[in-house]
1. Does residue 105 count as in a helix (DSSP H, G or I), within 22 Å of residue 194 (Cβ to Cβ) and touching a helix residue (DSSP H, G or I) at 6+ places or on another chain (Cβ under 7 Å)?
2. Of a type in the set (A, V, I, L, M), modelled with pLDDT of 95 or more and in a loop (DSSP other than H, G, I, E, B): is that true of residue 146 in this structure?
3. Would you check which residues across the range 15-57 are closer than 24 Å to residue 218 by Cβ, of a type outside the set (A, V, I, L, M, F, W, C) and in contact with a Phe, Trp or Tyr (Cβ under 6 Å, 6 or more places away or on another chain) and list them?
4. Mind checking whether some residue in the range 89-98 is in contact with a Leu (Cβ under 6 Å, 6 or more places away or on another chain), modelled with pLDDT of 90 or more, closer than 24 Å to residue 184 by Cα and of a type in the set (A, V, I, L, M)?
5. List the pairs whose first member sits in the range 23-38 and is free of Cβ contacts under 8 Å to residues at least 40 places away in the same chain, whose second member is surrounded by fewer than 17 Cβ atoms within 10 Å (Cβ to Cβ), and whose Cβ atoms are under 8 Å apart, counting only residues at least 6 apart or on separate chains?
6. I'm trying to understand the selection: among the residues of the range 108-126, which are of a type outside the set (D, E, K, R) and not in a loop (DSSP other than H, G, I, E, B)?
Amino acid sequence: MDASYATFKRDQVEQAIAIASGINPQHEPKRFDALRIELKRLLDRDRRQEQETPRGRPVRRAFHGEGPPGRGIDVLYSGYEAFALLIALRLMRGGLTQARAVDFLRDLRAPLAGFHYETLRQDPHDLRPDVDPGDLENLIRIGALIREPEDLAHLTALAGEHAEAFDVSSPEKKPVSGNICRSLDDLCHRLRWASHEGHALIVVELVNAAHQLAHHLKRIEPRPRGRR
């Protein structure tokens, strides 16, 4: 199953994000419940802001696809939408408020979704030909597939209420964001700029996070309807 195209039920998303966050859902129920509450609040805020969008204006969504399904139908999430929820949690750990994290990821949806798709198109075996298949799977599972700093990519956001999306022109006319640093030079440039402007910068790694979450999403079976 290709996690960039597949859809997942909410319980699969919650469990995969928990594992990627270092939480064992079976053995740490209190921590897992707390994380589930955080995810619910993010999803509720995204829906609430969507409902408050004036009629006639385009609806922007951070974690949802189309509008809510009918009663009795499960909401399904794409691999990217699960990834965006994970990134939102990490931005909040860095100090962004829930509201700013949702707005920020709404603004970044097109370029971040494109980055996520491109990242998962890369075969881990091609990225790490030096690692045996069994060891490779373990590296993906723990979020350590990419080792060299120059091969990583990072999402940057100004801390506090200053967090905003920075647009960058692209010769290929693809959605590109100045918040996504694809090299160490890009990241250092953003750090220098933030320091010069007197801002704190939140930095979230993206490549290992995308592969790790996709790995767990593919391996978690959906819970039968009606069971917690």
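The values are calculated or read from the model by the stated rules, or taken from the named source; none is laboratory data. This is a predicted model, so every value here is computed, not measured. No Cβ is skipped: glycine too gets one built from the backbone with ideal geometry, and neighbour counts run over all protein chains shown.
1. Yes; evaluated as a whole, the condition is true for this residue.
2. Values: of a type in the set (A, V, I, L, M): yes; modelled with pLDDT of 95 or more: yes; in a loop (DSSP other than H, G, I, E, B): yes.
Answer is yes for this residue.
3. 25
4. We begin by selecting, within the range 89-98, every residue in contact with a Leu (Cβ under 6 Å, 6 or more places away or on another chain); these are none.
Checking the range 89-98: not a single residue is in contact with a Leu (Cβ under 6 Å, 6 or more places away or on another chain), modelled with pLDDT of 90 or more, closer than 24 Å to residue 184 by Cα and of a type in the set (A, V, I, L, M).
5. 23/31; 32/24
6. Here is the first cut: in the range 108-126, the residues of a type outside the set (D, E, K, R) are 108, 110-117, 119-120, 122, 124-125.
Listed by number, the residues that qualify are 110, 111, 112, 113, 114, 115, 116, 117, 119, 120, 124, 125.
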